[in-house]
Amino acid sequence: MSDLRIERARTEEQLADWRAVHNTIIPTAVLSAEDVRERAGRNRLDVAYLGDVAVGCSTVRPPDEETPAATVIARTLPEYRERGFGTALYEAGLAHARALSDEGVETVVLASNEEGLRFALARGFTEVERYVLPGDTIPFVALRLA
């Protein structure tokens, strides 16, 4: 894992890498380049690279009117899981999230992503809600760090 580096997605190339990982992990909510640029303006978006290859990405959402907690979402491409990359992304995001809110930390996982759910539960998150976005059929699972 010594070759892993986590970078804030700022350039068009980094944002494209973030988008590619996101859209692979969450095929029910595919984002356009414009969507990602908009998200980068309000959230912290990071990309994990192994050498020059994007292997994961993360989002840290600050608290808002609906959720006083900060939200951390770590995503690792399936072929790079079980190597500590997701943990590295999650821990970096968690540190940032804790600086944003004293009201706790939440995460969101697509229900069909069983590995992602196991990852969150293993780190102390508990399910608080399931919801389906308009037009979707697969729910998202909202979890809170206990």
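The values are calculated or read from the model by the stated rules, or taken from the named source; none is laboratory data. Owing to the predicted nature of the structure, the values given are computational and were not obtained by experimental measurement. Heavy atoms of the whole protein, side chains included, go into the accessibility calculation; ligands, DNA and RNA do not. Shrake-Rupley method; radii C 1.70, N 1.55, O 1.52, S 1.80 Å.
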Flagged in region 103-114 as among the acidic types (Asp, Glu) and closer than 23 Å to Arg8 by Cα, in numbering order, are Glu106
Consider Thr71 carefully, then state whether it is under 15 Å from the mean Cα position of the chain (by Cα), closer than 22 Å to Gln14 by Cα and modelled with pLDDT of 95 or more. yes
Checked region 10-19 for anything over 13 Å from the mean Cα position of the chain (by Cα) and hydrophobic (A, V, I, L, M, F, W, C); matches are Leu15, Ala16
Filter region 86-98 for residues that are open to solvent by 40 Å² or more (accessible area, probe 1.4 Å) and hydrophobic (A, V, I, L, M, F, W, C); the one that is farthest from Ala9 (Cα to Cα) is Ala95
message = Going by what's in this entry, would Gly93 be described as within 13 Å of the chain's Cα centre (by Cα) and in a strand (DSSP E or B)?
response = no
Scanning region 88-109 for residues that are among the polar types (S, T, N, Q) and at pLDDT 95 or above gives Thr107
